[in-house]
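The values are calculated or read from the model by the stated rules, or taken from the named source; none is laboratory data. Given the structure is predicted, the values throughout are model-derived calculations rather than measurements. Quick reminder, even Gly has a Cβ in these numbers, built from the backbone with ideal geometry, and neighbours come from all protein chains shown. Surface areas here come from the heavy atoms of the whole protein model, side chains and all, with no ligands, DNA or RNA. Shrake-Rupley method; radii C 1.70, N 1.55, O 1.52, S 1.80 Å.
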Amino acid sequence: MKTIDLRSDTVTLPTPSMREAIYQAELGDDVFGEDPTTNRLERMAAERMGKEAAMLVVSGTMGNLVCLLTHCKRGEEAILGDKSHTFLYEAGGMSALGGIHPHTVRNQPDGTIRLIDIEAAIRGDNVHFPRTRLICLENTHNRCSGAVLTSEYTDAVAALARGRGIMVHLDGARIFNAAAVLGVDVKELTRNVDSVSFCLSKGLSAPVGSVVCGCREFITEARRVRKVLGGGMRQCGIIAAAGITALEQMVDRIAEDHANARRLAVGIARIQGLTTNLEGTQTNMVYFEPVDEQLTAEILVKQLSKKGIRLLQTGPSQIRAVTHYGITAEDIDLTLAALDKIMQKS
Ligand code: TLP
């Protein structure tokens, strides 16, 4: 039976040309700065993000953590969305390892945090308060239906932060998805943030890795933090080689994933007993819910799984499907047909 795995874009396997690049990669010891392939990936990533320097890390979680620990000292505060990945799904690393105080502010359904809410969250100079050091944004915004933040919004947050002497970090795990929707160069979405972390191993299909980008001084400090976390790697050109191929070959095809997600969302909206936020579906994520309380998300996910279709339960009554390399329009139609059949029987 064919499996259609829509749980996440993290399930993508390396392409044949990635495997070839991994095989051919020129290697050295990266802790000595001597891995030529990693150095090349880092130069490419910095250039793509419009930053001075970059550093390879093992995961998106480590990318965000390294940036937070580099920006903030113990007891300092970071403002972040209450639906942000860093707050919800990174095991509390910022406080566990950095003693950083998370100050959550409500995410709007479009992934933004209102400027007035950010402004209200910034602390005054008072001995009772932690010092506000950082604002974190997420683009695309995973838990907000994969929503896209515009460059105008990001610039406005950065201007507000700069006026108050605060840094901005962008969790750009899927920043290339955002750029594809807006039809802009990624640099426009990162130009005013102090640090950005993006993933090679999601929509870009590389097997491992994220890259952190910022000014030279920031990356020098971040290398020390990565070392503290045990993230100094040796012949990581093995990973970087696939990352280079990802940047060279996998960015331009992302629109396909968005078209497939749209196809899925439109189909789901037509199935009786299911609801989805059709307007909010801008990128490669579709969140939807069964309306009937008898047919829980858990049951629906189990029934689909028996048919070889894998989706992720993201709440008691919520399911997520993510499109990616390897998922075709035909797979979407098979998924819709299976969903329709289950719903008609229920
Ligand atoms: N997200 C994963 C799961 O953790 C939920 C997924 O399947 O979507 N930032 C954002 C916005 C992310 O969505 C993720 C991964 C990360 C950071 C962390 O990346 P990894 O998994 O590489 O640590």
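Quick look at the values:
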| item | result |
| --- | --- |
| Unmet requirement for I113, which otherwise passes all of (1) assigned to a helix (DSSP H, G or I); (2) touching a strand residue (DSSP E or B) at 6+ places or on another chain (Cβ under 9 Å); (3) more than 15 Å from T132 (Cα to Cα); (4) of a type in the set (A, V, I, L, M, F, W, C) | (1) |
| Selected residue [open to solvent by less than 10 Å² (accessible area, probe 1.4 Å) and not in a strand (DSSP E or B)] from L278, L304 | L304 |
| Residues of the range 195-242 that turn out to be within 16 Å of K51 (Cα to Cα) and among the aliphatic types (A, V, I, L, M), as a count | 5 |
| Selection status of R174, more than 15 Å from the ligand (Cβ to nearest atom) and assigned by TED's automatic domain parsing to the domain that holds S205 | no |
| Residues satisfying the stated conditions in the range 3-30, i.e. in a loop (DSSP other than H, G, I, E, B), of a type in the set (A, V, I, L, M) and within 14 Å of G209 (Cβ to Cβ) | A25 |
| Subset tally (residues that are in a helix (DSSP H, G or I), within 21 Å of T245 (Cα to Cα) and touching a residue at least 40 places away in the same chain (Cβ under 8 Å)) for the range 40-74 | 10 |
| Pick from the range 281-301, criterion out of contact with any strand residue (DSSP E or B) (no Cβ under 8 Å at 6 or more places or on another chain) and open to solvent by 50 Å² or more (accessible area, probe 1.4 Å), ranking: nearest to V11 (Cα to Cα) | I299 |
| Meets criteria (open to solvent by 30 Å² or more (accessible area, probe 1.4 Å), within 16 Å of the ligand (Cβ to nearest atom) and not aromatic (F, W, Y)) for L13 | yes |
| Single residue of the range 65-103 satisfying the filter (open to solvent by 50 Å² or more (accessible area, probe 1.4 Å) and small (G, A, S)) that is farthest from the ligand (Cβ to nearest atom) | S95 |
| Cross-chain or 6+ apart pairs with Cβ under 7 Å, the range 194-216 first and within 30 Å of G163 (Cβ to Cβ) and modelled with pLDDT of 95 or more, then in a loop (DSSP other than H, G, I, E, B) and basic (K, R) | C213/K51; G214/K51; C215/K51 |
| Flag if A265 is without any contact (Cβ under 8 Å) to a residue 40 or more places away in the chain and part of a helix (DSSP H, G or I) | yes |
| Condition check for A46: open to solvent by less than 20 Å² (accessible area, probe 1.4 Å), closer than 22 Å to G214 by Cβ, in contact with a strand residue (DSSP E or B) (Cβ under 9 Å, 6 or more places away or on another chain) and away from the ligand (no atom under 16 Å from the Cβ) | yes |
| Output for the range 109-133, where each listed residue is of a type in the set (A, V, I, L, M, F, W, C) and within 16 Å of the ligand (Cβ to nearest atom) | I113 |
| Checking V157 against (1) open to solvent by less than 20 Å² (accessible area, probe 1.4 Å); (2) within 15 Å of the ligand (Cβ to nearest atom), the condition it does not meet | (2) |
| Total residues in the range 179-191, condition without any contact (Cβ under 8 Å) to a residue 60 or more places away in the chain and either open to solvent by less than 50 Å² (accessible area, probe 1.4 Å) or under 13 Å from A46 (Cα atoms) (or both) | 3 |
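For (1) acidic (D, E); (2) assigned to a helix (DSSP H, G or I); (3) within 26 Å of V286 (Cβ to Cβ), each residue gets a yes or a no:
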| site | (1), (2), (3) |
| --- | --- |
| V157 | no, yes, no |
| V168 | no, no, no |
| A180 | no, yes, yes |
| V184 | no, no, yes |
| K202 | no, no, yes |
| A206 | no, no, yes |
| K227 | no, yes, no |
